[in-house]
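Quick notes on the structure that follows.
The values are calculated or read from the model by the stated rules, or taken from the named source; none is laboratory data. A quick note: this is a predicted structure, and the numbers were derived from the prediction, not measured. So basically every Cβ, Gly included, is an ideal-geometry build from the backbone, and we count neighbours across all protein chains shown.
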Protein chains: 2
Amino acid sequence: MGITKTQIFNNRQNELATIFKVLANPARIAILQYISGQKACICNDIVDEIGLAQPTISQHLKELKSIHLIKGAIDGKKVCYCINLEKWKEIQDLLNSFFDKTKFNCC
Amino acid sequence: MGITKTQIFNNRQNELATIFKVLANPARIAILQYISGQKACICNDIVDEIGLAQPTISQHLKELKSIHLIKGAIDGKKVCYCINLEKWKEIQDLLNSFFDKTKFNCC
DNA sequence: ATTTATTATCGTAATATTGCAATATATAAA
DNA sequence: TTTATATATTGCAATATTACGATAATAAAT
């Protein structure tokens, strides 16, 4: 069937899974690390840095944008991609909450 | 082509992506939450709780085991699945390290 | 030994993801 | 206005993931 049965899980579980899914790719990890280390964040630089084709990078950026982890500011014919600090921290808190809430009273 | 180009990324990036991938499914999130809240963690109970077929749960448990997030102790004809506390904390630290190391000197 | 209960594995269908070439769009420069 | 540059979108092929029925494997109970 190939399709995740999201309807049998609650919103929090699906939200966590969606966030983890966006982060579940080394190219997207590398993009986030690269963006965060640069002052000027231009998509074409990312292409040179990561070593994947431009459409592939563009698609990965779209997925990172889908959960608002990055935002892109249009600057002439370039787009300056940046970490969305607010969302970044929100997601870190959400993940920590998940890890902290899990108790270990088993076995 | 459908295959992730792991060879162009470093070990840390691939490791992070692998961990995120294992967590990137609401069934596996639900399984972790359920296991952590129970004293006796038996696969068949998980099947009843989650609402997916037994082979599907068994496969998800295998994936969680693949990064040692849970461990299974054989107890007669049952298997008691438990959170691997050591690895759990190690992964939480690894993810926090990723989130903390990302700087925000862009834009 | 046979039956029952629990979990794992295999095979398969449906869907999702990854990556890229080709192309489209949009803006700046010439 | 043509050309060059930067990014997005489309379409497609290869591979991965999700889920489940059928079946195997294992161990306890009868």
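When the test is whether a residue is within 14 Å of DNA strand C (Cβ to nearest atom) and more than 11 Å from chain B (Cβ to nearest Cβ), A:Ile57 passes it.
Looking across region B:5-14, the residues that are more than 7 Å from chain A (Cβ to nearest Cβ) and either within 19 Å of the chain's Cα centre (by Cα) or surrounded by 15 or more Cβ atoms within 10 Å (Cβ to Cβ) (or both) come down to B:Asn11, B:Arg12. Against the list (1) under 14 Å from B:Ala27 (Cβ atoms); (2) more than 11 Å from DNA strand D (Cβ to nearest atom), the condition A:Asn11 fails is (1). Cβ separations smaller than 7 Å between residues 6+ apart or across chains give the following pairs from region A:1-16 residues that are modelled with pLDDT of 95 or more to residues that are part of a helix (DSSP H, G or I) and of a type in the set (Phe, Trp, Tyr): A:Leu16/A:Phe98. Comparison of A:Ile35, A:Ile67, A:Ile74 shows that the only residue that is on the phi < 0 side of the Ramachandran plot and without any contact (Cβ under 8 Å) to a residue 40 or more places away in the chain is A:Ile74. If you filter region A:15-46 down to residues that are polar (S, T, N, Q) and surrounded by fewer than 18 Cβ atoms within 10 Å (Cβ to Cβ), you find that the one that is nearest to the other protein chains (Cβ to nearest Cβ) is A:Thr18.
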